[in-house]
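The values are calculated or read from the model by the stated rules, or taken from the named source; none is laboratory data. As the structure is a prediction and not an experimental result, all values here were calculated from the model. As a convention, Cβ positions derive from the backbone with ideal geometry for all residues, glycine included, and neighbour counts pool all protein chains shown. To get the accessible areas, we keep the full protein, side chains included, count just its heavy atoms, and leave off ligands, DNA and RNA. Shrake-Rupley method; radii C 1.70, N 1.55, O 1.52, S 1.80 Å.
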Amino acid sequence: MTGVRDVGERVEELLAGLRSAGGSAGPAAEELVSLLVGLYGDGLGRIVALLAQAGQDGAAMLAELTADPLVESLLLLHGLHPLDVDARIQRALDQVRPYLGSHAGGVEYLGVRDGVARLRLEGSCHGCPSSTVTVQLAITGAVQDAAPEVDEVVVEGMTQPPAPALL
């Protein structure tokens, strides 16, 4: 199955092609996409509302649905995810913490401000430049997947790889 980001990028490519072709196809295609996205968003909104009204069973079902990456991305796209950005980032970090423990120690979430998620490493991998890059990628990827509205991820306390020796 193709990921939501891949589909979104392909839709944008197709719309750009239709816009550049001129005529009424571009605006008509944009309106069509907008109407379909709105329709599906409204439907998802009703599903989330019905689950919220269903008590504990509905909350459990919604939690199960948000654990599915495709459903979660659709809920995020439509602003319907039941968890706020802080809770989603904490949950994502909980999933990568076991991995980080073996490479960098823990990670503390400091919050999001102006589209920037800030984190601080607790511990470091001394003399392991490749681990530094791996840890940075793991943290950044987890945060961006959980909170696509975040524009940048800043991780304090990263050990910088040593500069290459001059010959």
Could you count how many residues in segment 119-134 are at pLDDT 80 or above and surrounded by 19 or more Cβ atoms within 10 Å (Cβ to Cβ)? 2
Filtered residue count, segment 47-56, keeping only those that are assigned to a helix (DSSP H, G or I) and surrounded by 11 or more Cβ atoms within 10 Å (Cβ to Cβ): 6
Would you say Ala165 is modelled with pLDDT under 90, in contact with a Cys (Cβ under 6 Å, 6 or more places away or on another chain), more than 24 Å from Gly58 (Cβ to Cβ) and not polar (S, T, N, Q)? no
Would you check if Ser34 is part of a helix (DSSP H, G or I), open to solvent by 60 Å² or more (accessible area, probe 1.4 Å) and small (Gly, Ala, Ser)? yes
Determine whether segment 142-153 contains at least one residue that is in a strand (DSSP E or B), open to solvent by 40 Å² or more (accessible area, probe 1.4 Å), modelled with pLDDT of 90 or more and of a type outside the set (A, V, I, L, M). yes
Among the listed residues Tyr40, Tyr99, identify the single one that is surrounded by fewer than 16 Cβ atoms within 10 Å (Cβ to Cβ), within 24 Å of Val154 (Cα to Cα) and of a type in the set (Ser, Thr, Tyr). Tyr99
Can you tell me which of (1) open to solvent by less than 70 Å² (accessible area, probe 1.4 Å); (2) out of contact with any His (no Cβ under 8 Å at 6 or more places or on another chain); (3) within 25 Å of Val150 (Cβ to Cβ) is the one Ala60 doesn't meet? (3)
